[in-house]
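**Q** I am attaching a structure below and will ask some questions about it afterwards.
Values in this text are rule-based calculations from the coordinates and carry no lab data. The shown structure was predicted, so the numbers you read here are calculated from the model rather than taken from an experiment. Virtual Cβ from ideal backbone geometry, glycine too; neighbours counted across all protein chains shown.
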Amino acid sequence: MAKDLVITNTERQFILDLLANSQRLDGRKSLLQQRDLNINITPNRYGDIYLELKRDDGSIATRLHCKVTAEIVKPKDQRPFEGTFYINCEFNGLAGLNFENYKVGNNSDEFYYGRLIESMILRSNALDLEQLCIVAGLKVWNIRVDVHVLEFDGGFLELASIGCMTALLHYRRPDVTVRNEKVTIHSFDEKEGVKLGVLHIPIALQFNLFPLKEAAEIIKTNTSSENNNELVVLDCTLKEDLLKDGEFIIALNKNREIVQLNKPGGIPISASKIVEFSHMALPIIEETTNKILKAIDIDEKKRNKYAHLLSAENDRYVE
Amino acid sequence: MTNLKYSVLPNLDGSCELSTSNSKVITAVSGPLEPKQRHRLPLQSAIEVVIKPSFGMGPTPREVLMQDKLATVLQAVIVTELYPRKLVQVNAQILESPFDEFGSMMGNSFNEILSPMIDLNSCFNSSFISLCDSAIALKSSFVSTLLGVTEDKLINIAEVSDLDLLRSFNFKSLHHIVLEVEENKPTNVLLLDSQGDFNDDDLVNVLDNAQKITQKEFQNIRNILKDKVSQDFIWKA
C-alpha cells in the first residue's frame, strides 16, 4: 500500500529555516535558482522527448518522457472543422512508492496540472486545431500527448509544459490527400510528414509561496506599505512542495504575452506582485524557449544532413 | 542489440531500462512491501504487476493479459515463501514500441499480435534485471526470447532494427519463450506462447534456437550483473 511522504516536524522546521536564509536542501544557493534542464530527442522518432532536471551534483531529480501520437477520429458535433487535442498524464508506482497504481488523483495535482497545460495550449491557440481537419464533420486528427513520469522530485508543471511544447514542435503527422472525399494517408516514405501548426510557445512557470507569518495575521495587518510577507521560491523539490502555502502560476510566451494566470488559494499576495512575477518570469521563459528551439534545431540538422547538398538555393552574399 | 541500464530509479528498490533494436521499456521492482488486506497471503508474498502502455490510458485489456503472463512466470521464479504477508510490486512502463506511429498496425494482420509480444518480451528481460537489482530472492534466472517463423527463416525479433521490415514480414507463426537458466544452462520452459500456424517440427526448431539465444543472452546479462555486484559491494574488497 502506498505510504504518503511524511515530513517530520524537525525536518519541516529545518527546510523552512533554510529557505528563510536563501538556502535549499539540494544545495542551491538561491530561492530563484532552477535546476539544470536537459532536453533529449529520440533520434529515429517524431515527437518523442525525454526531459531531465539535474541537481548540482549531476544526479537526476525529475525525469519525464513526452510522446505525441495521432489518430483519425470523428470530430465533435459542435466543432466539425477542428481536430482534438488531449494531454494524458498520471503518476504511477515508477515515480516513487508514495504514488499508488490504479489510484486516480494520487498527487491530486497531476490532473489539475494536466488540464492547466491543456488549456494553456488550447485556449491561447498555441496549437492550430483547424489545420488538423481532414474532412469537415467526418475525419479529423486527434493529437494526444502522453506524459510519463519516470522520476519525480518536484518541478512537474514547468517540465511537463516544456515537454509538451517540445514534443508538439517536433512531431510530424503523416501527410493526407483528399480527393472526392476519398482520404489517402501517405507513409513517411511516400511523402514527408507535416509539422503541427504551433503558433507560439507558451511555457508555464510556478512561483511557490512560503509564509513568513500566519495567513490570518497577514490579512489583519496588511497595509499597502508592507508587502513582504512571503518567500518566493522557484522550482521546488518534492519536500519543499509539500510545505508550501500557495502558488502562483503564470504562462508566458517569448513575445511577452501572458497566456494564463492562476492563483488558487494559499496565502494572499499583493496585487502589485503580479507584475513583479511577470517580469521575473520573462527572462526565464525566454531562455527556456531558446533551449527548446536549439534542441529541435540540432535534431533537425542531424536528420537532414544532406539538405545543403540537395538545396537548389543560391548562396547569398551580404555585403 | 540489447542495451541495459540498471538502478535508473534511485527512489525504488530495483529498476532497469532496457532497449532492444526496436523497443524500449523501463521496469521497477519494489518489495517486500506492506500490502493491502486483500493482497495479504498467509504463507507467501503476493506479486503485483502493472504494465503501462506507451500511449493512452492504461492498463487496457491488452496490458492486463501481458501482466498476467508476467505474473505467472514471476510466481514460479520468486521465492515467495520468504516474504509471507508481503507484496512484491513490479511496475513497467513501455516507452517505445515499433507500432506507436499512426498507421503502423495496418498492412499486416500479424502486427496486432506481434505488438504486445514485443512489449512483453522486453518487459520480461528488463524485470529480471530489476529483480536482481532489488535483491528479491530468486529461485533461478530466466531469459525471454521472441522468435518469428517465416516461410524459410527463423527470426529473432528483438534484433530487427528496420521497423518497416519488421512490419512487413510474412510470419507463419510467432513464439514467445521464457526459459529458466540454472548453472548457466537453459533448462525448464517457464512460458511458451505461440500464435499462428505451426507443427511440432517447427516448435522443436524454435525451442532449439531459443536455447542457443538464451545461452548467449544470459552470458551478456551475467557480465552486466557481475559488473553491478562488483560496483555495489565495493566496500567488501
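**Q** Below 11 angstrom from the Cβ of A:Arg12, what's the summed charge of the other residues (Lys, Arg +1; Asp, Glu -1)? The partial results should precede the final answer.
**A** On the way: positive: A:Lys239; negative: A:Glu11, A:Asp17, A:Glu240.
Overall, the nearby charge balance is -2.
**Q** Could you list B:Met66, A:Met165 in order of exposure, starting from the residue whose Cβ has the fewest other Cβ atoms within 10 Å?
**A** Working: B:Met66 22, A:Met165 28.
Starting with the residue having the fewest Cβ neighbours, the order is B:Met66, A:Met165.
**Q** With r as the distance between the Cβ atoms of A:Ala307 and A:Glu190 and R0 = 22 Å, compute the FRET efficiency 1/(1 + (r/R0)^6) and round to 0.05. It would help to have the intermediate numbers written out before the result.
**A** Working: r = 19 Å, r/R0 = 0.88.
The pair A:Glu190/A:Ala307 has a calculated efficiency of 0.70.
**Q** Then there is this: How far apart, in nm, are the 7 Å Cα→Cβ label points at A:Ser30 and A:Arg172?
**A** A separation of 4.0 nm, rounded to one decimal place.
**Q** Please express the Cα-Cα pair-distance distribution P(r) of segment A:1-81 as a list of whole percents, one per 10 Å bin, running from 0 to the bin with the greatest distance.
**A** Reading the bins upward from 0: 14, 24, 26, 19, 13, 6.
**Q** Quick check: pseudo-label points 7 Å beyond the Cα along Cα→Cβ at B:Ser140 and A:Ser270, how many nm apart are they?
**A** Those two pseudo-labels are separated by 7.4 nm.
**Q** To continue, here is another question. Taking Cα pairs under 8 Å and at least six residues apart, what relative contact order does segment A:27-74 come out at, in percent?
**A** Details: 65 pairs, mean separation 14.0, N = 48.
It comes to 29 percent, rounded to a whole number.
**Q** Please find, in a Gaussian network model of chain B (springs between Cα atoms separated by less than 10 Å), the residue of B:Glu217, B:Glu101, B:Glu81 whose mean-square fluctuation is greatest.
**A** Among B:Glu217, B:Glu101, B:Glu81, the largest mean-square fluctuation in the Gaussian network model of chain B belongs to B:Glu101.
**Q** Gaussian network model of chain A, Cα springs within a sub-10 Å range: biggest mean-square fluctuation belongs to which of A:Leu132, A:Leu159, A:Leu25?
**A** Judging by the Gaussian network model, the answer is A:Leu25.
**Q** If one computes the Cα centroid of segment B:10-57 and of segment B:90-135, what distance in Å separates the two points?
**A** So the two Cα centres are separated by 14 Å.
**Q** For chain B, restrict the atom set to alpha-carbon positions and state the Rg and Dmax in Å.
**A** Calculated on Cα positions, Rg and Dmax stand at 17.8, 57 Å.
**Q** Still on this structure, please answer the following. Could you give the angle, 0 to 90 degrees to the nearest 10, between helix A:110-123's Cα long axis and the longest principal axis of the Cα atoms of chain A?
**A** 50 degrees
**Q** Also, I was wondering about something else. Among DSSP beta bridges whose residues both lie in chain B, state the antiparallel percentage, nearest 5. It would help to have the intermediate numbers written out before the result.
**A** Values: 40 of 47 bridges.
Once the DSSP bridges in chain B are tallied, antiparallel ones form about 85 percent.
**Q** As an exercise, take the mean of 1/r over every pair of distinct alpha carbons in the protein assembly as shown, invert it, and state the Kirkwood radius in angstroms. Don't jump to the answer; show the numbers that get you there.
**A** Numbers: mean 1/r = 0.0385 Å⁻¹.
About 26.0 Å, per the Kirkwood formula over Cα pairs.
**Q** Pick from A:Asn101, A:Asn44, A:Asn304: which residue has the top mean-square fluctuation in a GNM of chain A where Cα pairs under 10 Å get a spring?
**A** Result for chain A, Cα springs under 10 Å: A:Asn304 fluctuates most.
**Q** Evaluate the distance, in nm, between pseudo-label points positioned 7 Å from the Cα of A:Glu257 and of B:Val189 along their respective Cα→Cβ axes.
**A** Taking the two extended label points, one gets 6.3 nm.
**Q** Do any trypsin sites (Lys or Arg not before Pro) in segment A:272-319 lie in a loop, going by DSSP, with at most 14 other beta-carbon atoms within 10 Å of their beta carbon, and if so which? Present the calculation step by step, with values, prior to reporting the outcome.
**A** On the way: sites: A:Lys273, A:Lys291, A:Lys294, A:Lys301, A:Lys302, A:Arg303, A:Lys305, A:Arg316; in loops: A:Lys305, A:Arg316.
Taking segment A:272-319 and a limit of 14 other Cβ atoms within 10 Å, the loop trypsin sites (Lys or Arg not before Pro) found are A:Lys305, A:Arg316.
**Q** Here is a follow-up. Once the other residues with Cβ under 14 Å from the Cβ of A:Val176 are scored (Lys, Arg +1; Asp, Glu -1), what is the net sum?
**A** Values: positive: A:Lys139, A:Arg172, A:Arg173, A:Arg179, A:Lys182, A:Lys191, A:Lys195; negative: A:Glu71, A:Asp175, A:Glu181, A:Glu190, A:Glu192.
With Lys, Arg at +1 and Asp, Glu at -1, the net is +2.
**Q** Okay, which of segment A:1-44 sit inside 11 Å, backbone N to the point 7 Å along the Cα-Cβ direction of A:Lys291?
**A** Under cut-off, by backbone N: A:34-40.
**Q** Please rank A:Leu234, B:Leu95, fewest neighbouring Cβ atoms within 10 Å first, as an exposure proxy.
**A** Working: A:Leu234 20, B:Leu95 23.
Taking fewest neighbouring Cβ atoms as first place, the list is A:Leu234, B:Leu95.
**Q** Per-residue Cβ counts within 10 Å, from other chains only, averaged over B:52-59: what number is that? Mind dumping the intermediate values first?
**A** Details: counts 7, 1, 6, 9, 6, 4, 4, 3.
That average works out to 5.
**Q** Here is a further query. Once you have a ≥ b ≥ c as the square roots of the Cα gyration tensor eigenvalues for segment A:9-303, tell me rounded if a/c is under 1.5, and otherwise prolate or oblate according to whether a/b is larger than b/c. Write out the running numbers ahead of the final one.
**A** On the way: a/c = 2.17, a/b = 1.84, b/c = 1.18.
Cα axes put segment A:9-303 in the prolate bin.
**Q** On to the next question. So how much slack lies between A:Arg115 and A:Ser59, counting 0.36 nm per residue of separation and subtracting their Cα-Cα distance, in nm?
**A** Working: separation 56, 0.36 × 56 = 20.16 nm, distance 2.95 nm.
Extra length available between A:Arg115 and A:Ser59 comes to 17.2 nm.
**Q** Could you work out the relative contact order of chain B? I mean the mean sequence separation of Cα pairs under 8 Å and 6+ apart, divided by the number of residues, in percent. Could you put the intermediate results ahead of the total?
**A** Numbers: 458 pairs, mean separation 46.7, N = 237.
Reported relative contact order: 20 percent.
**Q** What's the exposure ranking of B:Ser173, B:Ser168, B:Ser130, A:Ser311, going from fewest to most Cβ atoms within 10 Å?
**A** Values: B:Ser173 19, B:Ser168 12, B:Ser130 30, A:Ser311 9.
Lowest count first: A:Ser311, B:Ser168, B:Ser173, B:Ser130.
**Q** Okay, next question. Output the Kirkwood hydrodynamic radius of segment A:1-136, Cα pairs only, in Å rounded to one decimal.
**A** On the way: mean 1/r = 0.0533 Å⁻¹.
Computed over segment A:1-136, the radius equals 18.7 Å.
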